[in-house]
Amino acid sequence: MKAFWLVVICFFCFKVEAQFNYGVKTALTLSFAKTENLLFDDPFDYLLYEVMFEEEDVSPTFGIFATLKEDNLYIQSEALYRNISSNFSYIIWETNPPRANAETKTTHFIAVPVTGGVQVDRFKFGVGPVFSFILTENEIFREFKHFEERREWLEAGFAFNVGVQLLRLSLDFRYELHFNRVADYFVFNQLQAGFGQSPAYLSIGLGYAFR
């Protein structure tokens with residue numbers, strides 16, 4: 001809710017006569033996630049579970065945008081649907097013999113980037129926060145003992161944006177870095193786990209303005 005009011009306040013900071021347009025947008029996104037291991041021990045330091053984060057697959061993104069522009073300054077807000085599949089493999093060492101398997105966690109987001117910047121001729125340069133609202137997701141590692149997921153419904157990050165405006169069409173490149181860590185919502189024996197890296201993405205977006 002705070003994110004919504006922040007967007008509203010930013011929009012009204014512009015004068016009434018500022019140019020307004022809106023439209024639809026789609027994007028392809030590449031994840032920079034790297035393979036990483038996570039170990040879960042019992043109180044006596046015996047290895048119970050080994051989890052390998054393999055990769056992230058990001059579905060094509062689509063949604064709407066609205067832009068206010070005055071002189072060379074602009075602010076743009078978007079609401080984009082995004083689906084991320086996080087692929088894990090794991091080994092359960094407490095069984096004899098150890099068992100290996102794989103899990104995929106699928107999370108559905110509404111991403112709300114808010115970008116402010118300058119437009120020089122047709123070229124746009126901007127920065128701003130990104131708010132990711134989680135809609136639904138599945139739970140994984142159900143057979144792990146003393147394990148649970150405690151994920152917040154909102155994640156935040158920051159993005160850098162470079163684009164070009166061609167009449168009603170816009171093409172932009174966005175580098176996005178989240179403040180949270182990968183799977184930092186894993187909780188084992190009441191202690192927060194998670195991997196050391198933060199999610200980072202590069203998106204290529206194409207937008208069409210109705211006005």
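The values are calculated or read from the model by the stated rules, or taken from the named source; none is laboratory data. Remember, predicted model here, so these are calculated numbers, not experimental data. Heads up, the Cβs are rebuilt from the backbone with ideal geometry, glycines too, and the neighbour counts pull from every protein chain shown.
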_Going by what's in this entry, would VAL114 be described as closer than 26 Å to THR29 by Cα, out of contact with any Cys (no Cβ under 9 Å at 6 or more places or on another chain) and aliphatic (A, V, I, L, M)?_
no
*May I ask you to list the residues in region 125-158 that are more than 24 Å from ASN83 (Cα to Cα) and under 22 Å from the mean Cα position of the chain (by Cα)?*
PHE125, GLY126
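Can you say whether VAL118 is touching a Gly at 6+ places or on another chain (Cβ under 6 Å), part of a strand (DSSP E or B), under 30 Å from LEU169 (Cα atoms) and of a type in the set (Val, Ile, Thr), as far as the supplied structure shows?
no
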*Would you be able to tell me the number of residues in region 175-185 that are among the aliphatic types (A, V, I, L, M) and touching a residue at least 40 places away in the same chain (Cβ under 8 Å)?*
2
_Selection count where residues are outside any loop (DSSP other than H, G, I, E, B) and either without any contact (Cβ under 8 Å) to a residue 60 or more places away in the chain or of a type in the set (Val, Ile, Thr) (or both), scope region 134-155_ = 7
*State which residue pairs qualify: first residue surrounded by 20 or more Cβ atoms within 10 Å (Cβ to Cβ) and inside region 158-174, second residue in a strand (DSSP E or B) and of a type in the set (Val, Ile, Thr) in any location, beta carbons under 6 Å apart, and separation of 6 or more residues or different chains.*
ALA159/VAL130; ASN161/THR115
*Please name all residue pairs, on different chains or six or more residues apart, with Cβ atoms under 9 Å, provided the first residue is in region 186-211 and is touching a residue at least 12 places away in the same chain (Cβ under 8 Å) and closer than 30 Å to SER170 by Cβ and the second residue is of a type in the set (Phe, Trp, Tyr) and assigned to a loop (DSSP other than H, G, I, E, B).*
SER198/PHE179; PRO199/PHE32; ALA200/PHE32; TYR201/PHE32; LEU202/PHE32
*Which residues, taken from region 159-210, are more than 15 Å from the chain's Cα centre (by Cα), outside any strand (DSSP E or B) and more than 21 Å from ALA27 (Cβ to Cβ)?*
ASN189, GLN190, ALA193, GLY194, PHE195, GLY196
*If only one of PHE62, PHE40, PHE4, PHE53 is farther than 21 Å from VAL187 by Cβ and modelled with pLDDT of 90 or more, which one is it?*
PHE62
*asked:* Which of the strands (runs of 3 or more DSSP E) found entirely inside region 24-112 contain at least 1 residues meeting this: within 12 Å of the chain's Cα centre (by Cα) and of a type in the set (Phe, Trp, Tyr)?
replied: 73-92
_Selection count where residues are loosely packed, with under 13 Cβ neighbours inside 10 Å, touching a residue at least 12 places away in the same chain (Cβ under 8 Å) and small (Gly, Ala, Ser), scope region 63-107_ = 1
*Can you pull out the residues in region 104-123 that are at pLDDT below 95 and among the charged types (D, E, K, R)?*
ASP121, ARG122
